[in-house]
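Written below as structure tokens is the structure these notes are about.
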Amino acid sequence: MPPHLLLVSAALLPFLGSAAVIALPGHARNAAAALAGFVTLAGLACIVLLYPQATGGEPVVAAMDWLPSLGVRLVLRLDALSWIFAVLVLGIGALVVLYARYYMAAADPVPRLFCYFLAFVGAMLGLVLSGNLIQLVVFWEMTSVVSFLLIGYWSDNASARDGARMAVTITAAGGLCLLVGMVLLGQIAGSYELDTVLGAGEAIRKSPLYLPTLVLILAGALTKSAQFPFHIWLPRAMAAPTPISAYLHSATMVKAGIFLMIRFWPVLSGTESWYWIVGTAGMATMLVGAWSAIFQHDLKGLLAYSTISHLGLITLLLGLGSPLAVVAAIFHTVNHATFKASLFMAAGIIDHETGTRDMRRLSGLWRAMPYTATLAMVAAAAMAGVPLLNGFLSKEMFLAEAVDSTGAHPINTALPFFATVASAFTVLYSLRFIRQTFFGPPARDLPHAPHEPARWMRIPIEALVLVCIAIGLVPNLTIGPILAGAARSVLGDRTPDYDLAIWHGFNAPLAMSVLALAGGVALYRIFGRRIDTNPRGGPWLLDRFDGGHLFERAMTGLVLGARRLETILGTERLQPQLRLIFLAALLAATATGIGRGVDLFLQGRTTAFDPAFAMLWLTGAACALGAAERAKYHRLSAVILLGGAGLVSCLTFLWLSAPDLAVTQILVEIVTTVMLLLGLRWLPKRDEAIPAPLSERARARRRRLIDLGIAVLAGSGLAGLSYAVMTRPPVEGISRWFVEEAYPKAGGRNVVNVLLVDFRAFDTLGEICVLGVVGLTVFALLRRFRPAPDSLERPAQQVRFDAIDRAREGREPGHTASDALLVPRTVITWLSPFIVLLALHLFLRGHDLPGGGFAAGIALTIAFMLQYLARGAEWVEERLRIRPITWIGLGLLVSVLAGAMSWPFSHPFLTAAFAYWEAPVLGKVPLASALIFDLGIMILVVGSSVLMLVALAHQSLRRTRAAESEAERAAAREPA
């Protein structure tokens, strides 16, 4: 298989597996685990097969256009650095799948867990394989969203919900900063392609936008990798199932920020700003995490804070600005992933088999769980940096950099001391983990009798511990070539010479390592008992500063502030809200519009006075003012006058040579006027007999005067802006380009339609989605007033109105109210086919002449509307079988498929094509693929409009039936 296909397969497999595993029943955990294991192993195989190409010098690239006009492509890029991270994601992921199969309880919905898990695997792979900045941000945010689902997997647990909320809030906020930073970085480099950005390091560092770009990108990296002061989310994320903790917080999620800093180290490092921000954050995180880990009584809590400390160590190395420090950072990233994942799994086994993770209750587990204890002790020794294990080698490189980096900077001066102290703390909490859990007298009163887990549950830990030992014993044969390739992919020509030998002689790093080992043991001997019996379980000196409590207070403050703002600005009435919206728009545009219009008027740039046009506008203004005035007394006349104002607008479009707008306007006016008439039934009746109090009438008069003032100012501003636009001198702009290129590029002579279905088709797709949502929302709000199903099943011909006629009008028994509709029904029956033909005519001619899918959809809606008005909802729905929700879905599907038709031809989404067909009789017939997109618009417009019509018509039917029942009861009470 070609390399780029292997790369694409590895990236797509997790998402396909996630979609497949969620379809499994909730109890099929064996099938879910098997599918998840197959996906991760298959992806790992693809990545392993690409090792020669990834380390050969040139990265493996698979690309596809995404937003070509913005220079954005979907790019998968695999080099030696991303190869290491991809192997960690997939390799440890496969081990976690096997572990989770035996860890999760039979009652847990395991397929849902593996669905989220595989989605996270895909998001992490997409992140480390991204060759485009915007694409990287998309996958970055996807990891935040899916990790929220994983951390909160046990949603009935309040701690899980709180931890998930805190994690997604902090990391998503950092992700927003990262998005802005990546946009700035792409603007500085002149491209969003990763290869171009990595080659523009000098220009980026010299740019005046460097500092804000650096701060924003580091905000994303430091929040994701739990650096101080953003580290507070990681310990609370331990409420997730242990397999998820082992995966997210050792090898994947927290390593995303580390990967980002390593990836962009060549272009962002080397400045004082980088040194102070990254170096200070790393040192503070390393010390705070190590100090806090010492005092934890929960096994996962101890491992969480130790993870924070080691992430701070890696960040500190990256902040030093030394190429060798980058090599050490990459090396320790790999080592930390292996020993920390195995330790999390060991803690999970202890919890699974004993029923508790509290070290104060655990003791002497060596006797009951010797194999698990041995594996956990080896992994803890690797974490502490004991010789002949992988943690020792990367710790030695860190200590060597601490010694070699001494200089004028305060961080460098204090670095050897703090590095030794942090290493001693690491030894202390590692020794406490081993001593208090596995040694001492046998534990009593445990929830479960401790014993070894199932054999297969222990295999993932054995594999990871074996890696720790192999790297520690023969580093040059195991990790050496891989580390060298990753270092070259980041540093290029700046790659330093280094040696992974176990023994470098007696030197300062060795002395610091011995001092740290001895100091950690001594500290535990001196303070171990006090730490074990510490009732608070929090670190001394830091127990009063609870970041989680500050976060909760901040979130509570935001909620209370939002509620207070809602109280001030919000209202249950629509009118005050609209007033605020219009006032905001007024401040934004009115002054400019009025000023520009008056300026042009004073300059004499006016058009000739036309009495007919003036009379037309005076008529429209009179209709608008009359509608506003009559709304107080007679709503029906107000709706009719409002329709008159709309008709004047339609004639104005015709007058100003905009027939396409005129066609759409007149059709929309018809539909909206009828729907407003149906909606009048919703409004409460006025009680004219009881006059309103004087104070209320005064308030109403004042409110109407304010509304009138706002309307006059807003209308004047919009008129001024319109006048300024229409009277500006001809200049070269985008409008002329659309006019000139509509036919050559889109095969259409109607520029308006070409804009909607070709040049700006993506905007139109979003607009029809909104229209569909509006239709569904109206239907959802009114559906509670729909008649009962048994009443809908009544044949329309059986619905008689004789009782109503006799009760209200005294007609003869043989004459019914429905007979009065005979003539309109006959007319509509003959008229409906012509309306359908008009809709078809508007649809087919829309690409060259006034019309289009939207106008055709509205015209077709009018045909349905006339049937509803003449025959009633029951008759129409029984015979036509209208399913407007299906129409909405079908229209959206057709539009999306029309856009996707360009993908097989290597064109971006919604790229249209046109050609001519030689018809036998008609001659040349223009054909454009945009017509299919327009068809989807027409179908969706019909579905959404008819859905609203159905909701309103059923409300009217309900009220009519209520009146019928009341009339029948009144007639029954009359004497014969």
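Name the one entry in 423, 342 that is crowded, with 21+ Cβ neighbours inside 10 Å, at pLDDT 90 or above, among the polar types (S, T, N, Q) and out of contact with any Pro (no Cβ under 8 Å at 6 or more places or on another chain).
Numbers: 342 fails: out of contact with any Pro (no Cβ under 8 Å at 6 or more places or on another chain).
Matching residue, one of 423, 342: 423.
Listed residues 149, 136; which is assigned to a helix (DSSP H, G or I), within 14 Å of the chain's Cα centre (by Cα) and more than 25 Å from residue 84 (Cβ to Cβ)?
Numbers: 136 fails: more than 25 Å from residue 84 (Cβ to Cβ).
Result: 149 is the single residue among 149, 136 that is assigned to a helix (DSSP H, G or I), within 14 Å of the chain's Cα centre (by Cα) and more than 25 Å from residue 84 (Cβ to Cβ).
Would you check if there is a residue in region 477-484 being within 28 Å of residue 291 (Cα to Cα) and either surrounded by 20 or more Cβ atoms within 10 Å (Cβ to Cβ) or of a type in the set (Lys, Arg) (or both)?
no
Could you list, in sequence order, all residues of region 160-196 that are among the aromatic types (Phe, Trp, Tyr) and closer than 30 Å to residue 553 by Cα?
Passing the criteria: none in range.
Taking the stated definitions as given, is residue 347 under 35 Å from the mean Cα position of the chain (by Cα) and within 30 Å of residue 448 (Cβ to Cβ)?
Yes.
Can you tell me which residues in region 303-355 are of a type outside the set (Gly, Ala, Ser) and outside any helix (DSSP H, G or I)?
Hit for region 303-355 is 320, nothing else.
If you take the residues in region 21-55 that are at pLDDT 80 or above and outside any helix (DSSP H, G or I), which one is surrounded by the most Cβ atoms within 10 Å (Cβ to Cβ)?
50
Suppose we filter 785, 738 for residues that are modelled with pLDDT of 70 or more and among the aromatic types (Phe, Trp, Tyr); which single one remains?
None of the others qualify; the one that does is 738.
Residue-by-condition table, conditions (1) free of Cβ contacts under 8 Å to residues at least 40 places away in the same chain; (2) surrounded by fewer than 24 Cβ atoms within 10 Å (Cβ to Cβ); (3) not hydroxyl-bearing (Ser, Thr, Tyr):
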site: 293; (1), (2), (3): no, no, yes
site: 301; (1), (2), (3): no, yes, yes
site: 306; (1), (2), (3): no, no, no
site: 322; (1), (2), (3): no, yes, no
site: 328; (1), (2), (3): no, no, yes
site: 331; (1), (2), (3): no, no, yes
site: 334; (1), (2), (3): no, yes, yes
site: 349; (1), (2), (3): no, no, yes
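I'm checking my understanding of the structure. Among residues of region 687-706 that are under 18 Å from residue 629 (Cβ atoms) and modelled with pLDDT under 70, which one is farthest from the chain's Cα centre (by Cα)?
688
What is the one condition in (1) modelled with pLDDT of 90 or more; (2) assigned to a loop (DSSP other than H, G, I, E, B) that residue 361 does not satisfy?
Condition (1) is where residue 361 drops out.
Every residue, every condition in (1) touching a Pro at 6+ places or on another chain (Cβ under 8 Å); (2) modelled with pLDDT of 75 or more; (3) not in a loop (DSSP other than H, G, I, E, B), yes or no:
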| residue | (1), (2), (3) |
| --- | --- |
| 506 | no, yes, no |
| 511 | no, yes, yes |
| 527 | no, yes, yes |
| 535 | no, no, no |
| 578 | no, no, yes |
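The values are calculated or read from the model by the stated rules, or taken from the named source; none is laboratory data. The structure displayed is predicted, hence computed values, not measured ones. A quick note on method: Cβ atoms are made from the backbone with ideal geometry, for glycine too, and the neighbour counts reach across all protein chains shown.
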